[in-house]
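Written below as structure tokens is the structure these notes are about.
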Amino acid sequence: MSKEEQVWPSALPEPAATGDDGDVHLQINLRLRLDEVAAVNAEVLRAQARREPSRGELCQLACRIYDARRARGKVLDRELFGEPAWDMLLALYCLPTRGYLMTVTALTYSADLPQTTGHRWQKVLQHEGLIERGPQGVDLRKQTLRLTPKGRSLMDTYLTRLFYCDTPIPPNPELAGG
């Protein structure tokens, strides 16, 4: 910018000769305060922006759901709520983080199923491309199972949606002050 160019503040309306000085100052102060409020609101929105939950947070949520399902089975007849595939997916998602090796037999037990039913559901989940077993050549009962990349991705997506529900299911006792 050269010395010849001058920067002038934007022109404010000239106060009327009728003593509107107070109104002009009020308008200016109001605009300044509104700008401050807008800046604070923008900062709050940035602070509350949704972030991707961590793998640990999703595993914690999956474990809470898994544990709640096990507790429900102790109170209510578990045959009323049969979802063996969901129980197996939850177990494969969260139990390895607790140190469990998920064999074919262990996965069946984790879903609280008879062995034949567990094997049948494992085949369904394999056919859907959600779980895989290995290593090949080992006795089937000793093969380990894990989520496929597709299965993990679908579980991540679902659990992320639950993570952002207004009321987590099951309720998180840490958030409720319990």
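The values are calculated or read from the model by the stated rules, or taken from the named source; none is laboratory data. Every value quoted in this text rests on a predicted model; they were computed, and no experiment measured them. Glycine gets a Cβ as well: all are built from the backbone with ideal geometry, and neighbour counts include every protein chain shown.
Go through the residues of the range 121-137 one by one and say whether even a single one is among the aliphatic types (A, V, I, L, M), surrounded by 12 or more Cβ atoms within 10 Å (Cβ to Cβ), over 22 Å from the mean Cα position of the chain (by Cα) and part of a helix (DSSP H, G or I). Checking the range 121-137: at least one residue is among the aliphatic types (A, V, I, L, M), surrounded by 12 or more Cβ atoms within 10 Å (Cβ to Cβ), over 22 Å from the mean Cα position of the chain (by Cα) and part of a helix (DSSP H, G or I). When we screen L95, L113 for residues that are over 15 Å from R152 (Cβ atoms) and either surrounded by fewer than 17 Cβ atoms within 10 Å (Cβ to Cβ) or in contact with a helix residue (DSSP H, G or I) (Cβ under 8 Å, 6 or more places away or on another chain) (or both), the only hit is L113. Take the residues of the range 144-178 that are modelled with pLDDT under 90, surrounded by 11 or more Cβ atoms within 10 Å (Cβ to Cβ) and aliphatic (A, V, I, L, M): which is nearest to the chain's Cα centre (by Cα)? Taking the candidates together, the pick is L162.
Return yes or no: is R64 part of a helix (DSSP H, G or I) and either under 23 Å from L162 (Cβ atoms) or at pLDDT 90 or above (or both)? Yes, satisfied. Evaluate the range 24-45: report whether one residue or more is surrounded by 13 or more Cβ atoms within 10 Å (Cβ to Cβ) and modelled with pLDDT of 75 or more. The answer is yes, given that some residue of the range 24-45 is surrounded by 13 or more Cβ atoms within 10 Å (Cβ to Cβ) and modelled with pLDDT of 75 or more.
Scanning the range 70-108 for residues that are under 21 Å from C59 (Cβ atoms) and of a type in the set (V, I, T) yields T97, T103. Taking each residue of the range 113-127 that is under 21 Å from K150 (Cα atoms) and looking for partners that are surrounded by 12 or more Cβ atoms within 10 Å (Cβ to Cβ) and of a type in the set (D, E, K, R) with beta-carbon atoms closer than 9 Å, six or more apart or interchain, yields W121/D87; Q122/R133; Q126/E132; Q126/R133.
Here is a yes/no grid of residues against (1) hydrophobic (A, V, I, L, M, F, W, C); (2) surrounded by fewer than 11 Cβ atoms within 10 Å (Cβ to Cβ):
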| residue | (1), (2) |
| --- | --- |
| S54 | no, yes |
| C59 | yes, no |
| Y66 | no, no |
| G73 | no, no |
| L80 | yes, yes |
